[in-house]
């Protein structure tokens, strides 16, 4: 894949994931609670996670302008999604909330993998140039 097409796909992914993080998580929690909400309902946790993901979504949308200048944000979004999904998977197995294995766990894995595959390559500069 060329660098140009990689950047185009990355921009699409940043817009899609950014919008989902910004405005899509709450509707998913309401429509599909077994896959996106812990039982019993924990409103303080939900407010916190919605705030964190909405903020990340805004910055992902801002990164679409010049993705290569926002490599660390993109990698943070990727790795934090994988870690969050991994922890949730372990908790789902331990707590018997297997609906998460069809909902937010694979969604977070998808975000992490797509962003890692499409992330801008590290730009190395030669000192003095």
| query | Counting only residues that are part of a loop (DSSP other than H, G, I, E, B), within 16 Å of residue 119 (Cα to Cα) and in contact (Cβ under 8 Å) with a residue 24 or more places away in the chain, how many does region 51-108 have? | reply | 1
| said: Among the residues of region 10-25, are any farther than 16 Å from residue 111 by Cα and surrounded by 12 or more Cβ atoms within 10 Å (Cβ to Cβ)? | reply: no
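Each value in this text was obtained by applying a stated rule to the coordinates, not by laboratory testing. Please read these numbers as outputs of a predicted model, since none were measured by experiment. Here the Cβ is made from the backbone with ideal geometry for all residues, glycine too, and neighbour counts use every protein chain on show.
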